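Before any comments, here is the structure.
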Amino acid sequence: MLSTTNGAPDYPFCSTPEAGGWLEVAPGVLWIRLALPFQLDHVNVWALDGGDSGWTLVDCGLGDPRSLSVWEGLLRDALARRSVQRVVVTHFHPDHIGAAGWLVERTGAVFAASLTEWLLARALSAGSDAAADAAAERFYRRSGMAEEAIASMLGRKGAYNRGVPSVPPTLTRLRAGDRLTVGRHEWIVIGGSGHTAEPVSLYRPADGNGETGLLISGDQILPRISPNISVWPAEPDADPLADYLASLDGWSALPADTLVLPSHGRPFRGLHERARALADHHAERLEEIETLCATPRTAAAVTRALFPRPLDAQQTLFALGEAIAHLNHLIHRGRMLRMVADEGAGRSGADLYGLAGTAGTLMTR
Ligand SMILES: [Zn+2]
């Protein structure tokens, strides 16, 4: 999540909750904001009032002491009138699932997510092994990153567990098209892919009482920044950008006046325009990369050209992953080749990316 993109959505709320505070954005729908200790300094989570059945919480924030004490306050105060029936998470990232284990344990709620996102969270929190570490090291070396950057990226081991101290041990599986009853409303599970493998969004159609449709979009669509679309060491040839662009197309099936409740930034209207702006952003990126790679370059060189400002280790991971996602997409579309320079050329095994048809004497794999 590094790029600020154009396209000016309409923000119907002039105020934003303080970290730890809340605001009712539609009857029975609370917008809660939790602080994050990153450059992206907040995440929005949502509490849906299900009447006698209890609250449905959507996303949880990190599982750090600060977020847990905010949740304690919310359970005592804003949410005190009902029990918590279920905890839904949109995807496995720590700012969404981090406090889920604690919340489920504390409230007795059921935990709901897609199977893939839950399994990924369970797998990541179990930690990596030597083979996975070696694969990650190979992946970063092949990208052409400097040794120092590789060491600091590999040194982030354990970061997932710091944000996600526990993952709920049991799952209520959500599939695209499922309906969740919350009070008198039904929320439809919308599938997608791109930011992660199988995130879920929740859509509540217009109710005929003047309320437009509501979409809890997770990170799949955000008002101001472009969601991170990354290739990771575990699946080096993946093309998540193709999935993401297909998901962006899918939003045209929802009404244009849908109020979008995103995980970062403010609720907005202008879903269709925002989806188009994000698609345009990626199209521009792809063009820029094709121009850059008229002279074959490493993924690290492409990353530096796309993200010229200084980046910390976490941002570098996202930036490199995002650059490789665009490169892989061009490879999948037959526009680009990944080439292995001969070791004698002094590139110590880093892959080069060049335009298809201009590979010359370089060998492809
Ligand atoms: Zn995310």
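Structural remarks
- THR172/ASP129 FRET efficiency (R0 30 Å; Cβ-Cβ; nearest 0.05): 0.55
- Helical runs assigned H by DSSP (4 residues or longer) give the chain a calculated mean residue ellipticity at 222 nm of -10500 deg cm²/dmol, each run adding -39500 (n - 2.57) before division by the residue total.
- Rolling a 1.4 Å probe over the protein heavy atoms leaves CYS14 with an accessible area of roughly 130 Å².
- Rolling a 1.4 Å probe across the protein heavy atoms gives the chain an accessible surface of 43 Å² per residue.
- Of all accessible heavy-atom area on the chain, the percent that carbon and sulfur account for (1.4 Å): 52 percent
The values are calculated or read from the model by the stated rules, or taken from the named source; none is laboratory data. As the structure is a computational prediction, the values presented were derived from the model and not from experiment. Every residue, glycine as well, gets a Cβ built from its backbone with ideal geometry; the counts of neighbours run over all protein chains shown. Please note that ligands, DNA and RNA were not included when accessible areas were found on the heavy atoms of the full protein model with its side chains. Shrake-Rupley method; radii C 1.70, N 1.55, O 1.52, S 1.80 Å.
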